[in-house]
Amino acid sequence: MKIFTIASIKGGSGKSTTAFNLGAALAASGKKTLLIDLDPQANLTLWAQASDPGPLPLEMITDRRPLRDLVTSTNLDRLQICPASESLVFAPEELSAKRNRDSCLKTQIETFRHGHNLPAYILIDTPPGFGILTRNALAAADAVIIPTATQFLNLSGLISFMAHLEEIQEQLNPTLKVAGILLTRVDRRTRHAQEIANLTRKQYGKAVLRTEIRENVKLAESVSFGKPIFTYASTSHGAEDYKALTVELLNNERRRR
């Protein structure tokens, strides 16, 4: 069971878009996949058309209910989700007094591993920033995917994120790998996007994935229909790019074994 956390300091970078479409692509390739939505905004949950779980996500992250109780099916074969709700806004306050406050999700997933019919992949979607929910997601992960929109403020956010990530690796999860920095909302017709993409590749080298997610209105439209881009617009740039991302990540994983 491989665990990817999808995280970024900046909002609007494509975390939920990446989680849902990567999950859909993995499931379509025959790999059972579980999405965990840790964002109180619950965008991933809405996209997957999951029911509002009420207080259950908060009860799970505070260790009052097992993760398995939240697992629910989606409309896609082999794709399940642990949905989020607004209850997670209270997580920082409730976790602050816990000694293991940054590793509660890790503990939940370790218990979950002892069950049956496990997924091949877990993808964890996180809120923007580097708060306690994101720290939990990174502490529980094998690797992190870092979506970064090709805008100047996102590049500065990436620099800050990478510094915080080193702290996580030193203090909470020394085996955490960077699966890749994913350039999103890329429009290479504009000089600004080209400059940011090139600067990012120059600064982070091989840590930046070859695949780029091009700016594509179909990706935004697919959210309102609750469909992955492959179903909503199978010939779009968005579908091409997320298929390429899935292939790249799987190939990278095989090489690292």
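The values are calculated or read from the model by the stated rules, or taken from the named source; none is laboratory data. Being a predicted model, the structure only gives us computed values, none of them experimental. Note: ideal-geometry Cβ built from the backbone for every residue, glycine included; neighbour counts use all protein chains shown.
Looking at segment 91-131, which of the residues that are of a type in the set (D, E) and over 18 Å from the mean Cα position of the chain (by Cα) is nearest to S73 (Cα to Cα)?
E110
Scan segment 101-118 and tell me whether some residue there is under 29 Å from E195 (Cα atoms) and of a type outside the set (S, T, Y).
Among the residues of segment 101-118, not one is under 29 Å from E195 (Cα atoms) and of a type outside the set (S, T, Y), which makes the answer no.
Yes/no per residue for (1) touching a strand residue (DSSP E or B) at 6+ places or on another chain (Cβ under 7 Å); (2) crowded, with 21+ Cβ neighbours inside 10 Å; (3) at pLDDT below 95:
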| site | (1), (2), (3) |
| --- | --- |
| G115 | no, no, yes |
| A140 | yes, yes, no |
| I145 | yes, yes, no |
| A149 | yes, yes, yes |
| F152 | no, no, yes |
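Listed here are the residues, each with its yes/no results for (1) closer than 20 Å to L219 by Cα; (2) of a type in the set (D, E, K, R); (3) in contact with a helix residue (DSSP H, G or I) (Cβ under 6 Å, 6 or more places away or on another chain); (4) modelled with pLDDT under 95.
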| residue | (1), (2), (3), (4) |
| --- | --- |
| T5 | no, no, yes, no |
| W47 | yes, no, yes, yes |
| I61 | no, no, yes, no |
| N100 | no, no, no, yes |
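Among the numbered conditions (1) touching a Ser or Thr at 6+ places or on another chain (Cβ under 9 Å); (2) aliphatic (A, V, I, L, M); (3) outside any helix (DSSP H, G or I), tell me where A97 comes up short.
The number of the failed condition is (1).
Scan segment 18-31 and tell me whether some residue there is farther than 20 Å from G226 by Cβ and either at pLDDT below 95 or over 18 Å from the mean Cα position of the chain (by Cα) (or both). Steps first, answer last, please.
First, the residues of segment 18-31 that are farther than 20 Å from G226 by Cβ: 29-31.
Cutting the leftovers down to either at pLDDT below 95 or over 18 Å from the mean Cα position of the chain (by Cα) (or both) gives us 29-30.
Yes, segment 18-31 has at least one match.
Of all residues in segment 171-195, which are surrounded by 15 or more Cβ atoms within 10 Å (Cβ to Cβ), at pLDDT 90 or above and over 15 Å from L249 (Cβ atoms)?
Listed by number, the residues that qualify are L172, N173, L176, R185, V186.
Keeping to segment 61-91, report how many residues are part of a loop (DSSP other than H, G, I, E, B), β-branched (V, I, T), under 18 Å from N136 (Cβ atoms) and in contact with a strand residue (DSSP E or B) (Cβ under 6 Å, 6 or more places away or on another chain).
Start the filter on segment 61-91 by keeping residues that are part of a loop (DSSP other than H, G, I, E, B), which leaves 62-66, 71, 74-78, 83-85.
So of that shortlist, the ones also β-branched (V, I, T) come out as 62, 71, 74.
If we keep only those that are under 18 Å from N136 (Cβ atoms) too, we end up with 62, 71.
If we keep only those that are in contact with a strand residue (DSSP E or B) (Cβ under 6 Å, 6 or more places away or on another chain) too, we end up with 71.
Going through segment 61-91 one residue at a time, the tally reaches 1.
Considering A244, A220, A239, which residue is under 18 Å from the mean Cα position of the chain (by Cα) and surrounded by fewer than 15 Cβ atoms within 10 Å (Cβ to Cβ)? Don't jump to the end; show me each part of the working.
On the way: A244 fails: surrounded by fewer than 15 Cβ atoms within 10 Å (Cβ to Cβ); A239 fails: surrounded by fewer than 15 Cβ atoms within 10 Å (Cβ to Cβ).
Only one candidate passes the filter, namely A220.
For residues that are under 16 Å from L123 (Cβ atoms) and over 11 Å from the mean Cα position of the chain (by Cα), scanning just segment 35-45, find the one that is surrounded by the fewest Cβ atoms within 10 Å (Cβ to Cβ).
For segment 35-45, the residue satisfying everything is N43.
Would you mind stating whether L158 is under 20 Å from I9 (Cβ atoms) and either in contact (Cβ under 8 Å) with a residue 60 or more places away in the chain or loosely packed, with under 15 Cβ neighbours inside 10 Å (or both)? Even if it seems obvious, please write down each step before you answer.
On the way: under 20 Å from I9 (Cβ atoms): yes; either in contact (Cβ under 8 Å) with a residue 60 or more places away in the chain or loosely packed, with under 15 Cβ neighbours inside 10 Å (or both): yes.
In short, yes.
Is it the case that segment 201-211 has a residue that's of a type in the set (K, R), surrounded by fewer than 19 Cβ atoms within 10 Å (Cβ to Cβ), modelled with pLDDT of 95 or more and within 17 Å of V144 (Cβ to Cβ)?
Looking through segment 201-211, none of the residues is of a type in the set (K, R), surrounded by fewer than 19 Cβ atoms within 10 Å (Cβ to Cβ), modelled with pLDDT of 95 or more and within 17 Å of V144 (Cβ to Cβ).
When you check S85 against the structure, is it modelled with pLDDT of 95 or more and of a type in the set (S, T, Y), yes or no?
Considered against the rule, which asks whether it is modelled with pLDDT of 95 or more and of a type in the set (S, T, Y), S85 comes out as yes.
Out of everything in segment 38-60 that is touching an Asp or Glu at 6+ places or on another chain (Cβ under 6 Å) and assigned to a helix (DSSP H, G or I), what residue ends up being nearest to T17 (Cα to Cα)?
L44
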